[in-house]
Every structure is written in structure tokens, then in C-alpha cells.
Amino acid sequence: MILGLGTGSTAKLAVDALGKRVAAGLRVIGIPTSEFTAQQARSLGIALSTLDEHPEIALTIDGADEVEVGTLNLIKGRGGALLREKIVASASKRLVIIVDESKLVQRLGSQFAVPVELVPFGWPAAARRLEGLGAKAALRSSAAGKPFVTDGGHYIVDCAFGPIAAPRQLDHELNNIVGVVEHGLFLKMTSQVIVAGQNGVTVLLPE
């Protein structure tokens, strides 16, 4: 089975669990969404490949920063891997998201900013365009205080829009800004969401 391996704190736990299954004899091939996940998977003995060799993925398991109740639209990208995560998700037959109940929102943008990945060249011009859409835009910094750089060599600007009334319109507007490589709105991509809460685990399907 070809599996997409997500990035982030929750996805890390899923990859750890997968590693135990592989050690017990499960045969899978993973497509990692970041260099961090690739390194983790290799350390656990999970066989890896690329989208060049396996352009169709059966299942991707990942986390999310926000899940919109009903639509199961997502905000992703706090881990900095949103471009590869979206590429892998778009190549997957099924995208399963694992979250705790604090990540459920009535409208995207209620708790987290939308990460927008930008080409470093001329990024302030793109950031001004983002602010023109109503965002409070902040360049993401690394622990060393320098601009955070993605695996693809890009910057991330975190854009706080507040609750987003029209995610599809915003998706279109973000895609039309020159210098934007990708953004963290994952719309109409989720197959199901597994939610851990105080009363146990529930499974949500898109309405």
C-alpha cells in the first residue's frame, strides 16, 4: 500500500505507530511530506519512495491546525510543510485527518492564521497584496530569529484573517497573487476526520 505520511506533532505519532506495525511485518511504502518525516520514517524502517515513482497514493494520514465542522475544510501549515502536504493530499484517493477536539471550528480562521508560502524574491510586495485582502500578515521566523525557510526554499507569511466567511473566494484570491507558491487552505480534500476528545474518539465525514 502506498501511504502519504504527514508532518506535525500528530502526524509524528501516526508515523511512530506505523513504524511499530512495519516492525511486526506490515508492508507499506511511504511518501513523506517533509524532510523531517522522511528522516523519522527511515529511522523506523519504513520504506520510502517518491511521487515520481508512485504518482497515485491510496491513503494519506495527517493532522490539521483547524477543521471546519460540516465541510471538513482545513487550515494546515503550522509545521511549515504545507506545499508538499497539499501536493501529496491532492494525489491521494483518501485523506484522513487526525485531530483533538480543540481543532474543530465553525469557521476557518477562528483560531489560527492561514500560512502562505512565498518566493523569497520580492516577498514584501506579495505580503502587501495579502494585507490588501484584509490579512494581518507576519513573516514566520526560525528559532534563530531569521526567516523560516521551507524544505522548498521559500518563506512563510502567516495571515490572520479572522473567521473566513468565503474560503473558496479567498482561495482564488490567494492563488492569483504573484509570488504565492501555495497556502494552507485545504478545501474539499478531506475524506474523514478522526477526533479525539474527552468522551472518546469520533469519526466525522464531510456533509
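Shown is the FRET efficiency for GLU53 and ASN199, computed with R0 = 30 Å from the Cβ-Cβ distance and rounded to the nearest 0.05: 0.10. 3J(HN,Hα) couplings calculated from phi for the range 143-157 with the Karplus curve 6.51 cos²θ - 1.76 cosθ + 1.60 (θ = phi - 60°) are, in sequence order, 4, 7, x, 9, x, 5, 10, 6, 4, x, x, 10, 9, 10, 10 Hz; Gly and Pro show x.
Amide H contacts of LEU108: ILE164, each under 5 Å away and 5 or more positions distant or on a separate chain (H built 1.01 Å from N in the peptide plane; Pro and chain starts excluded).
The ranking of THR50, THR190 by Cβ neighbour count inside 10 Å, starting from the fewest, reads THR50, THR190. Centre-to-centre separation between the Cα atoms of the range 65-81 and those of the range 156-179: 13 Å. Converting phi to 3J(HN,Hα) with the Karplus coefficients 6.51, -1.76 and 1.60 and the offset θ = phi - 60°, the range 95-103 yields 10, 10, 10, 10, 9, 9, 5, 5, 8 Hz in sequence order, with x at every glycine or proline.
Adding -39500 (n - 2.57) for every DSSP H run of four residues or longer, then dividing by how many residues the chain holds, sets the calculated 222 nm ellipticity at -7500 deg cm²/dmol. Backbone amide hydrogens, once placed in the peptide plane, bring VAL116 within less than 5 Å of VAL157, ASP158, CYS159, excluding anything fewer than 5 places away on its chain. Spatially close Lys pairs in the chain, defined by Cα atoms under 28 Å apart and a spacing of eight or more places or different chains, total 27.
Here r is the Cβ-Cβ distance between LYS93 and VAL28 and R0 is 22 Å; the resulting FRET efficiency, rounded to 0.05, is 0.90.
Considering the options ASN175, GLY134, LEU118, tell which one lies farthest towards the positive end of the dipole of the range 114-181, charges being +1 on Lys and Arg and -1 on Asp and Glu at the Cβ, about the Cα centre. It is GLY134. Taking amide H as placed 1.01 Å from N in the peptide plane, the amide H of ARG94 sits under 5 Å from that of LEU59, THR60, each at least 5 places away or on another chain.
If you look at the Cα atoms of the chain, you get an Rg and a Dmax of 16.9, 53 Å. Note on the range 62-174: the alpha carbon radius of gyration divided by the globular reference 2.2 N^0.38 Å gives 1.06.
Since every read-out is calculated from the coordinates, none of them should be taken as a lab result. For clarity, every value in this text was computed on a predicted model and none was experimentally measured. Neighbour counts run over all protein chains shown; Cβ positions are idealised from the backbone, glycine included.
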